[in-house]
Amino acid sequence: MPEKVKRSKSESRNFNDPCILLVNPWIHDFAAHNLWSQPLGLLYLAALLRQAGYRLNFLDCLDIYHPELQGEGLRRVRHGPWGTGKFPKQRIPTPPALADVPRPYHRYGITPRIFRRELISVPVPDAVLVTSGMTYWYPGVVEAVKMVRETFPSTPVILGGIYATLCPKHARQAVEPDYLVEGPGEYVVPGVVAGATGGPMPPPTDPSRPETLPFPALDLCREMTFTPILTSRGCPYRCPYCATGLLYHGFIRRSPESVVDELEYWLQLKGTRDVAFYDDALLMDFADHLGPVLEKVLSRGLLMRFHTPNGLHARYVDRESAFLMRRAGFRTIRLSLETADPSRQLQLGNKTDNDTFRRAVGFLTEAGFGLDEVGAYLMVGLPGQEMREVQQSVDFVLGLGLKPLLAEYSPLPGTPLWEEARRASRYPLEDDPLYQNNSALPCAGPGFGFAHLKSERERIRNHRSPQSSQISRRYHAIGLEKTLL
Ligand code: B12
């Protein structure tokens, strides 16, 4: 039963002092990896609104540091090094659509009871901004919005984010927001919020100059153990499986100066030395972009540890970039290989081949990176992909002494691979974004199933090569072995 909402008169709406509630909903999934995860898009919008004079409250359903977690019987958060951690989770029923997936389904984050208590404790907002992540996490959005509406029945709810952008029709029906914003919110949200609340209009931002945006409001997070950073928006590549081109049209970069200013700002304010890059093409034009960023990090004497949870393009790793990355403090490097099969490499955008990849690894080790600091992403469950292709790709990566990181494919509407994905899938993909869940291996053929994937992960875990003896220990220490292998 929902707890009854009691409010004092002083908590009632006050249009002279508009107040916005920001919500980062739960994840409902078979697995969720807290690899330097923050709702960066929402926090960018928060910064804009704050600059315009709005009061903000941020409720983060994925708050791993919430003091009431233990009281709710949830496991204490286990912290990994470098700012990573694990989401607390509660077992919930698997949605019937995914009943054939042989894994438990969870709600990741705080409990609904904690969320409701938080809702009751904040002032009545003039508008609620709700973000959305993976398309197939929408049940968490529906659940959070429902509770928001129970508590604040007359406050408009504005929904945006990745699910809202990639599946707007579904989101309108499932979430029933008052407003739904597709794509980057910076240029739309100020008008929508001002219109919905009668509050001030934030000054216009220039889409061609992302450095004019205020830094994201990361200080709203309870704890800040790392800085998630975007040095660019969009991607010049159009990989057939990827939705980046639908989420952001074009490719635009911030000035190196503004990137380093932001890193220094958070280092001084919060002491955060760990930094996770969210960029899609971080290394492109290294000499004009990341190179100058790292030179400035060094010249300002900033001691940082950099991580790239989103894979890097191997073709841009050369001697110069590898040495500078090493000197500037890169600690976790993820390279995107996707597959070691040459014809599939061509199909997936021809971004690298095995020789280029091998050379990139050579430059990294020459620059001083330990093989345990470099992981290689491989895609699994692509339409038409045989188990043999995955095994050969894994062998190739293990042969280089690196850890293969198996990333299951998530089919996304509007991407070039979507039609092929629909034909290959055992599910009616277009009927429900739940079918886009990568853990369900929605497009894997009959020769590739959950058991194959499990045994391949085990093979990786048990693999011991002279170079990789410390890898397992390191990955184990940061709790990634179970989640990413
Ligand atoms: C960085 C990133 C990650 C990070 C984590 C990010 C995080 N926040 O936690 C890492 C590397 C860990 C990651 C992992 C994965 N990711 Co990822 N990731 C991204 C990436 C590159 C950027 C997301 C981002 O933060 N962008 C920057 C911010 C500023 O943009 P934004 O969030 O979209 O916000 C803007 C708008 O959406 C809007 N907005 C946002 N919120 C709101 C709210 C309101 C009210 C309004 C009005 C507007 C609005 O305005 C914002 C500002 O412009 C995207 C691709 C992309 N370019 O978007 C893929 C992407 C989201 N990931 C994807 C996938 C598949 C995955 C994995 C499943 C990969 C795998 N197979 O293992 C994993 C699973 C993660 C998990 N936690 O379990 C897919 C989505 C799949 C899906 N079905 O939805 C994407 C789209 C890439 C792709 N393949 O096309 N990812």
Counting other Cβ atoms within 10 Å of each Cβ, which trypsin sites (Lys or Arg not before Pro) in the range 308-406 have at most 10 and sit in a DSSP loop? none
Here, the range 226-484 modelled as identical Cα point scatterers in vacuum has Debye log10 I(q)/I(0) at q = 0.14, 0.17 Å⁻¹ of -1.02, -1.39
Along the range 44-49, Karplus-curve 3J(HN,Hα) (6.51, -1.76, 1.60; θ = phi - 60°) to the nearest Hz, with x for Gly and Pro, reads 5, 5, 4, 5, 4, 5
Summing -39500 (n - 2.57) over the DSSP H runs of n ≥ 4 in the chain and dividing by its residue number, what mean residue ellipticity at 222 nm do you reach, to the nearest 500 deg cm²/dmol? -9500 deg cm²/dmol
Search the structure for amide H atoms under 5 Å from the amide H of K86, placed 1.01 Å from N in the peptide plane, and list their residues when 5 or more places away or on another chain. R78, G80
Please report the antiparallel percentage of DSSP beta bridges with both residues in the range 9-197, rounded to the nearest 5. 30
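Find the accessible area per residue for the chain; the probe is 1.4 Å, ligands and nucleic acids are left out, and the unit is Å². Walk me through the intermediate numbers first.
Values: 19900 Å² over 485 residues.
Here the residues of the chain average 41 Å² of exposed surface.
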R315 versus L298: modelled label distance in nm, points set 7 Å from Cα along the beta carbon direction: 2.7
Which of the cysteines found in the chain have nothing to pair with, since no other Cys Cβ lies under 4.7 Å from theirs? C19, C61, C167, C221, C235, C443
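Determine the sum of side-chain charges near P207: Lys and Arg each +1, Asp and Glu each -1, restricted to other residues whose C-beta is under 10 angstrom from that of P207.
Working: positive: R209, R233; negative: E186, D206.
Within the 10 Å Cβ shell, the charges total 0.
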Measure nothing but the geometry: give the 0 to 90° angle between the long axis through the Cα atoms of 256-270 and the longest principal axis through the Cα atoms of the chain, rounded to 10°. 70
So for the pair S154, R358, with labels modelled 7 Å out along Cα→Cβ, what separation do we get in nm? 7.1
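Provide the percentage of antiparallel DSSP beta bridges, counting only those with both residues in the chain; round to the nearest 5.
Working: 10 of 46 bridges.
Around 20 percent of the beta bridges assigned by DSSP in the chain are antiparallel ones.
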Let's test the formula: R0 of 45 Å, r as the Cβ-Cβ distance of E366 and R113. What FRET efficiency results, to the nearest 0.05? 0.25
Hey, got a sec? Which chymotrypsin sites (Phe, Trp or Tyr not before Pro) in the range 157-187 land in a DSSP loop and have at most 15 other Cβ atoms within 10 Å? Y187
Rounded to whole Å and sorted largest first, what semi-axes of the equivalent ellipsoid does the C-alpha gyration tensor of the chain yield via the square root of 5 times each eigenvalue? 36, 27, 21
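Summing +1 for each Lys or Arg and -1 for each Asp or Glu, what net charge is found among the other residues whose Cβ lies under 15 Å from the Cβ of S232? Don't skip to the end; give the middle numbers.
Numbers: positive: R209, R233, R253, R254; negative: E186, E211, E257, E262, D279, D280, D285, D288.
That sum, taken over residues with Cβ under 15 Å, equals -4.
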Whole-percent carbon and sulfur contribution to the accessible surface of the range 9-197 (1.4 Å, no ligands, DNA or RNA) stands at 51
Accessible carbon and sulfur surface of the range 226-484 relative to its total accessible area, %, 1.4 Å: 50
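The values are calculated or read from the model by the stated rules, or taken from the named source; none is laboratory data. None of these values were measured; they are calculated from a predicted model. Cβ sites come from the backbone with ideal geometry, for glycine too, and all protein chains shown count toward neighbours. Please note that ligands, DNA and RNA were not included when accessible areas were found on the heavy atoms of the full protein model with its side chains. Shrake-Rupley method; radii C 1.70, N 1.55, O 1.52, S 1.80 Å.
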